[in-house]
Amino acid sequence: MRAVLAVAGVLALTGCLPMSPAHMTAPRGTHGIEGQWRLIDGTDGGGRLDLEGSSITLTIEGDSFSGEGPCNTYRGTLTEDIRAVDFSEMASTIRGCDPAELGVLESRYFAALEAVGAGGLSGERLSLSGVSGPLTKSAVRLVFESLE
């Protein structure tokens, strides 16, 4: 009985670790995730990001990142270590979005990117995850494919 409880406890704890599947690798310094990426899937507290009819890119070079949202360009500072990834000091242009739904998508993407705390590579895909919201915690997940 104790062995069953011990295994159940270990399984419950491993479910709480960020980005821990065996097929994922932790970022290996900024060189591990450097490159040009295109967002292909994402979720936040509002559900799945509707990417149809839009293009969102992310370029990572050294300790900086930049990209294009559906309406605006953005940039910021990237810090990472063995398992942690942090996108900070983010700034963007301030163009209007037409249709307005693209503006909502862009705002959700920017908030999700700032909430990222972990990341990893799996083949030609970069997966980022985190938790957003100071009061009601929501899981964030962004999946990019390589453009190189």
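The values are calculated or read from the model by the stated rules, or taken from the named source; none is laboratory data. Source: prediction; values computed, not measured. Positions of Cβ are generated from backbone atoms using ideal geometry, with glycine treated the same way; all protein chains shown enter the neighbour counts.
A few comments on the model shown:
- Filter result for Thr43 (outside any helix (DSSP H, G or I), touching a Ser or Thr at 6+ places or on another chain (Cβ under 6 Å), surrounded by 14 or more Cβ atoms within 10 Å (Cβ to Cβ) and modelled with pLDDT of 90 or more): no
- Filter pass, Thr79 being under 22 Å from Ser146 (Cβ atoms) and touching a Lys or Arg at 6+ places or on another chain (Cβ under 7 Å): no
- Each residue in the range 75-106 was checked for being assigned to a helix (DSSP H, G or I) and surrounded by 12 or more Cβ atoms within 10 Å (Cβ to Cβ), and 6 pass.
- The range 129-147 residues that are under 13 Å from Val116 (Cα atoms), paired with ones that are charged (D, E, K, R) and part of a loop (DSSP other than H, G, I, E, B) (beta carbon under 8 Å, 6 or more apart): Val131/Lys137
- Matching option when the condition is part of a loop (DSSP other than H, G, I, E, B) and within 15 Å of Ser146 (Cα to Cα), among Ser66, Ser55: Ser55
- Filter result for Val140 (in contact with a Phe, Trp or Tyr (Cβ under 9 Å, 6 or more places away or on another chain), among the β-branched types (Val, Ile, Thr) and surrounded by 12 or more Cβ atoms within 10 Å (Cβ to Cβ)): no
- Only one entry of Ser122, Ser132 meets the criterion of being over 15 Å from Ser54 (Cα atoms), in contact with a His (Cβ under 6 Å, 6 or more places away or on another chain) and not acidic (Asp, Glu), and that entry is Ser122.
- Flag if Ser107 is free of Cβ contacts under 8 Å to residues at least 40 places away in the same chain, within 19 Å of Thr77 (Cα to Cα) and out of contact with any Phe, Trp or Tyr (no Cβ under 6 Å at 6 or more places or on another chain): yes
- Enumeration of residues in the range 54-83 that are hydrophobic (A, V, I, L, M, F, W, C) and more than 14 Å from Ser107 (Cα to Cα): Leu58, Ile60, Phe65, Leu78, Ile82
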